[in-house]
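Data first, discussion second: the structure below is written as structure tokens.
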Amino acid sequence: MNRFVPALAIALAPWCALPAHAAEPLSTETAGDPALETPGLIRNADGALQITPYLWAAELHGRISPFRRGPTIGVDKSFSKVFDDLRLGGFIDVWGRSGRYVLSADLAYVDTREIRGSGPLPGIGPVPPGTKLEGQVDSKLFMATLLGGYRVVDTPELTLDALAGMRIWHVSNKLKVSALGRSRSYRESFGWAEPVIGARVFTNVTDKLSVQGLASIGGFGAGSRFAWSAQATLNYAFSDHLSVSAGYKVLDVDYDRNGHVYDTQLRGPVLGLTYRF
């Protein structure tokens with residue numbers, strides 16, 4: 001059942017996603033005036049606020065069982081296959097800093113639909129030979145990553161932030177099956193929250209070009225069994241307020257509880273646009 005993935009939402013979410021904090025300015029002081037930062041970056045060493053909508057062209061691999069009474073499905077999907085089922089998606093990251101304290105909120109919502117013309121389907125099982133069966137699966141995903149932290153290194157060449165917080169997942173699936181002139185619908189939802197710790201490093205290459213890396217681990221059995229993510233971006237600042245970021249991101253999660261299985265890895269290039277106030 002390679003094409004049917006009610007949990008596509010997890011992979012589709014990335015289609016509207018980009019690395020969190022992809023272009024946060026480095027607090028770099030100039031020799032002439034310690035109150036100013038490097039030209040092309042924010043000129044406020046005391047604080048910053050930025051908003052980043054982002055795209056993530058992710059492929060999806062792993063095992064998923066979106067319905068408690070359904071089978072566990074092996075998933076191996078390219079981004080183009082994932083994108084085919086996307087109905088609606090939206091992702092936004094908000095990042096702020098006050099002195100050495102940092103806050104981040106990364107929100108995602110994805111709505112997907114897949115239609116199949118053959119069985120088996122989750123919770124339905126094999127169908128008699130010759131039976132014409134159509135299944136429609138609607139999946140909705142909400143995911144929020146909320147982090148706070150402290151800037152442990154703050155130099156003109158490099159910044160390093162230590163981060164901690166939580167990631168919240170909520171998945172809703174609806175299956176509608178039509179066969180022999182009859183239709184039947186089944187709806188189910190589940191979710192979890194898990195602790196996350198991580199670090200973010202940011203360094204300038206030139207006045208306008210910078211590199212950023214962000215890594216985290218989480219779960220620890222308190223939500224998923226274990227989860228980790230890593231991303232790296234190259235950032236270019238057009239002005240004090242506008243920059244673009246491009247790079248690569250991986251998100252791996254292993255959730256298996258109460259009959260629901262989300263053991264997947266998402267990976268692919270990211271692209272985003274950041275506006276700084």
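The values are calculated or read from the model by the stated rules, or taken from the named source; none is laboratory data. Quantities reported herein were computed from a predicted structural model and do not represent experimental measurements. Heads up: the accessible areas ignore ligands, DNA and RNA and are worked out on the full protein's heavy atoms, side chains in. Shrake-Rupley method; radii C 1.70, N 1.55, O 1.52, S 1.80 Å.
A few remarks follow.
- Converting phi to 3J(HN,Hα) with the Karplus coefficients 6.51, -1.76 and 1.60 and the offset θ = phi - 60°, segment 220-235 yields 6, x, 8, x, 7, 5, 6, 9, 8, 8, 8, 8, 9, 9, 9, 10 Hz in sequence order, with x at every glycine or proline.
- Scattering profile of segment 140-277 at q = 0.14, 0.17, 0.18, 0.21 Å⁻¹ [log10 I(q)/I(0), Debye over alpha-carbon scatterers]: -0.79, -1.02, -1.10, -1.30
- Cross-link partners of Lys176 among aspartates and glutamates, defined as those whose alpha carbon lies under 20 angstrom from its own and excluding same-chain residues fewer than eight positions apart: Asp84, Asp85, Asp111, Glu114, Glu134, Asp138, Glu188.
- Our note on the geometry: Cα centres of segment 40-105 and segment 180-224, 7 Å apart.
- The heavy atoms of Arg113 present about 80 square angstrom of accessible area, all protein chains included, probe 1.4 Å.
- Only lysines eight or more places from Lys249 in sequence, or on another chain, were considered; those with a Cα closer than 23 Å are Lys77, Lys81, Lys140, Lys208.
- Residues whose amide H lies under 5 Å from that of Leu242, counting only those 5 or more places away or on a different chain, are Arg276; hydrogens are built 1.01 Å from N in the peptide plane.
- Relative intensity, log₁₀ I(q)/I(0), of segment 206-265 from a Debye sum that treats every alpha carbon as a point, q = 0.14, 0.16, 0.26, 0.30 Å⁻¹: -0.55, -0.62, -0.99, -1.14
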